[in-house]
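S.K.: Let me give you the structure first, and then I'll get to my questions.
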Amino acid sequence: MTGSGWFEEAIHAHATQKLEVTEVLYRSQTPHQKVVIFENPTFGRVMTLDDVVQVTEGDEFIYHEMMAHVPILAHGAVSDVLIVGGGDGGLLEEVLKHPVEHATMVEIDHGVVDLARRYLPSICKGAFEDPRTELVITDGAQFVAETDSRYDVILIDSTDPIGPGEALFRHGFYAGCKRCLKPGGILVTQNGVAFVQGEELTASWRHFNALFTDPAAYAVAVPTYIWGFMALGWASDETEHRRRTLETITGRYAAVGLDTRYYNPEIHLGAFALPTYMKELMR
Ligand code: SAM
């Protein structure tokens with residue numbers, strides 16, 4: 001927190017984002033990271049970890065809808081989902097809108113889950129109480145290296161590659177994810193804002209290219225991840241998932257009866273059309 005009543009995030013060495021703070025609801029240090037939750041007139045409640053915005057009540061639906069519904073509807077027969085990170089519960093809540101059998105969330109910091117339940121109930125809603133949810137508190141990298149479980153879709157809702165999140169951007173972690181995917185499974189990752197954090201997309205894409213048949217990324221415009229499109233990484237050994245027709249996705253969307261505010265079947269297909277500067281980062 002800097003200045004009087006403003007939060008400033010230095011996502012990039014030479015540019016910052018500032019959000020007005022009308023009330024600080026919580027500020028402390030868990031064993032893993034510094035957590036602050038504050039109110040902003042435009043975005044509602046905002047949670048930061050180590051001074052980086054993680055989630056806001058106002059725009060969380062954009063990132064969470066796109067991270068959950070694109071791979072799950074592209075796959076078409078998902079029963080088991082693994083989320084790594086995602087302590088605020090917003091992604092879990094979107095995943096559970098599908099008729100999945102199990103949603104396992106592996107989060108390193110129990111403190112984030114507890115604070116989300118207390119201060120961000122509009123984001124996690126009842127997701128942690130859903131009988132299909134299994135919450136595991138451990139390091140995601142260790143979990144994917146050791147578990148015997150297998151998943152149709154794995155979603156990496158991580159912090160940036162600093163602090164505890166750093167382990168979730170390494171080759172060994174992605175190899176662990178591949179090991180835990182069922183045949184034809186899909187891995188989706190948080191890869192930062194491409195214009196200012198392009199090295200994240202490049203590094204992950206190179207690991208995907210070495211490990212998977214279909215390495216890719218798709219774009220989503222999240223207001224509080226400023227400076228252009230955020231990249232969500234995509235990796236699968238099934239090339240057809242990324243080439244579904246509008247008719248197929250529209251049919252699956254209608255069958256689930258989803259009610260979404262950013263995601264729709266047209267955005268699903270269009271999100272894979274990347275601007276050239278993003279394509280150039282993927283080689
Ligand atoms: N959408 C957010 C963003 O990119 O700003 C990410 C939100 S989510 C709260 C990120 C979560 O990843 C945090 O709760 C953090 O504790 C968790 N995390 C970081 N490193 C982890 C690891 N190695 N294993 C499991 N969870 C991890």
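Every number in this text was worked out from the coordinates using simple rules, so none of it is lab data. If you're wondering where the values come from, they're calculated on a predicted model, not measured in any experiment. Methodologically, a virtual Cβ is constructed for each residue, glycine included, from the backbone with ideal geometry; neighbour enumeration extends over all protein chains shown.
S.K.: Taking the Cα atoms of region 108-245, what is the range of coordinates along each of the three principal axes, in descending order and whole Å?
M.R.: 40, 39, 35
S.K.: How large, in Å, is region 1-135 by the Kirkwood hydrodynamic radius built from its alpha-carbon pairs?
M.R.: Roughly 15.7 Å, rounded to one decimal.
S.K.: Over region 1-85, what relative contact order in percent results from Cα pairs under 8 Å that are six or more residues apart? Don't jump to the answer; show the numbers that get you there.
M.R.: Values: 112 pairs, mean separation 13.7, N = 85.
This gives 16 percent for region 1-85.
S.K.: Throw me the Rg/Rh for the chain, computed over C-alpha atoms with Kirkwood Rh, two decimals.
M.R.: Here the Rg-to-Rh quotient is 0.94.
S.K.: A further question follows. Based on the mean of other Cβ atoms within 10 Å per residue, sort peptides 188-199, 88-99, 125-136, 110-121 so the most packed one is first.
M.R.: Highest-to-lowest ranking by the protection proxy: 88-99, 188-199, 110-121, 125-136.
S.K.: Between Ile162 and Arg27, what is the label-point separation in nm under the 7 Å Cα-to-beta-carbon projection?
M.R.: Modelled inter-label distance: 1.9 nm.
S.K.: Hull surface divided by four, with the convex hull built on the Cα atoms of region 31-103: how many nm²?
M.R.: Taking a quarter of the hull surface, the average projection is 5.5 nm².
S.K.: For helix 246-256, report the angle its Cα long axis makes with the longest principal axis of the Cα atoms of the chain; keep it between 0 and 90° and round to the nearest 10°.
M.R.: That works out to roughly 70 degrees.
S.K.: In nm, what is the difference between 0.36 nm times the number of residues separating Arg117 and Arg150 and their Cα-Cα distance?
M.R.: Additional length available on full extension: 9.1 nm.
S.K.: Still on this model: Which of the lysines could a cross-linker span from Lys34 if the Cα-Cα distance has to be under 29 Å and same-chain partners fewer than 8 positions apart are dropped?
M.R.: Partners found: Lys18, Lys125.
S.K.: Provide the FRET efficiency to the nearest 0.05 for the Ala273-His171 pair, computing r from the beta carbons and using R0 = 35 Å. Mind dumping the intermediate values first?
M.R.: Working: r = 28 Å, r/R0 = 0.80.
The calculated FRET efficiency here is 0.80.
S.K.: Follow-up question, since we're still on this one. Work out, step by step, the length gained on full extension between Thr260 and Gln17: first 0.36 nm times the residue separation, then minus their alpha carbon distance; give nm to one decimal.
M.R.: Extra length available between Thr260 and Gln17 comes to 84.7 nm.
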